[in-house]
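Some notes on the structure that comes next.
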Amino acid sequence: MENKVPGIGDLATDLEFFKLLTGSFQRLVGKALVQPGQGPGWLYREAPAVVLVHNTDPDPRFIYANISAQARFEYTWDEFTKLPSRLSAEAPNRKERQLLLDAVERRGYIADCRALRVTKSGKRFWMENGIVWQLLDERGRSQGQAATFATWTNV
């Protein structure tokens, strides 16, 4: 279960990646993604909220999906980390998804997102009250985009 990235390592529980993810969230959204004492292992294995990250490739692919994300979308770590993130939405909804991601790139983050998403088996659900943010390192360079949500409505 590895997703090795040069200089970062196994992203599932990598401390530097965790700091990038949580630090970026704190700087942009203005609140903590996790509570003090909750580290990368907790976020990956125990967090009740879905947390997903895609990279900066021209056709971005997921590089991180916690256990809650894997359960919600029905993909394993290995499947998720090979998946282009556009496939989290059905084809008719991909333009709307791209507009959201473009807005996040311009603004830094968007809160209270509601978006139609699809699981591996084709089940549809509404992501409710989601937050999507730019994954920015401390120098302000984009490392991708991330999303979190704890509630959804099955369609």
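The values are calculated or read from the model by the stated rules, or taken from the named source; none is laboratory data. For clarity, every value in this text was computed on a predicted model and none was experimentally measured. FYI the Cβ positions are ideal-geometry reconstructions off the backbone, even for glycines, and counts take in every protein chain you see. Heavy atoms of the whole protein, side chains included, go into the accessibility calculation; ligands, DNA and RNA do not. Shrake-Rupley method; radii C 1.70, N 1.55, O 1.52, S 1.80 Å.
Among residues belonging to the stretch 35-73 that are among the hydrophobic types (A, V, I, L, M, F, W, C) and open to solvent by 20 Å² or more (accessible area, probe 1.4 Å), point out the one that is farthest from the chain's Cα centre (by Cα).
Keep residues of the stretch 35-73 that are among the hydrophobic types (A, V, I, L, M, F, W, C), which gives 42-43, 47, 49-53, 62-63, 65, 67, 69, 71, 73.
Keeping just the survivors that are open to solvent by 20 Å² or more (accessible area, probe 1.4 Å) gives 42, 49, 67, 71.
On the way: W42: 16, A49: 11, I67: 12, A71: 14 Å.
Of everything passing the filter in the stretch 35-73, W42 is farthest from the chain's Cα centre (by Cα).
Please identify the pairs in which a residue from the stretch 43-62 that is farther than 16 Å from F73 by Cβ has its Cβ atom under 9 Å from the Cβ atom of a residue that is of a type in the set (D, E) and assigned to a loop (DSSP other than H, G, I, E, B), counting only partners at least 6 apart or on another chain.
none
Which ones in the stretch 1-33 are open to solvent by less than 20 Å² (accessible area, probe 1.4 Å), assigned to a loop (DSSP other than H, G, I, E, B) and at pLDDT 95 or above?
If the condition is that a residue be open to solvent by less than 20 Å² (accessible area, probe 1.4 Å), assigned to a loop (DSSP other than H, G, I, E, B) and at pLDDT 95 or above, then no residue fits.
If I ask for residues that are surrounded by 13 or more Cβ atoms within 10 Å (Cβ to Cβ) and without any contact (Cβ under 8 Å) to a residue 40 or more places away in the chain, which ones from the stretch 86-106 would you list?
R86, L87, S88, A89, E90, N93, R94, R97, L100, A103
Test each condition in (1) closer than 29 Å to N154 by Cβ; (2) part of a loop (DSSP other than H, G, I, E, B); (3) open to solvent by 20 Å² or more (accessible area, probe 1.4 Å); (4) in contact with a helix residue (DSSP H, G or I) (Cβ under 9 Å, 6 or more places away or on another chain) for K82 and report the one that comes out false.
Of everything listed in (1) closer than 29 Å to N154 by Cβ; (2) part of a loop (DSSP other than H, G, I, E, B); (3) open to solvent by 20 Å² or more (accessible area, probe 1.4 Å); (4) in contact with a helix residue (DSSP H, G or I) (Cβ under 9 Å, 6 or more places away or on another chain), K82 misses just condition (4).
Could you grab me the full set of residues in the stretch 107-122 that are within 19 Å of T151 (Cα to Cα) and open to solvent by 20 Å² or more (accessible area, probe 1.4 Å)?
We begin by selecting, within the stretch 107-122, every residue within 19 Å of T151 (Cα to Cα); these are 109-120, 122.
Within the stretch 107-122, Y109, I110, A111, D112, R114, R117, K120, G122 meet the criteria.
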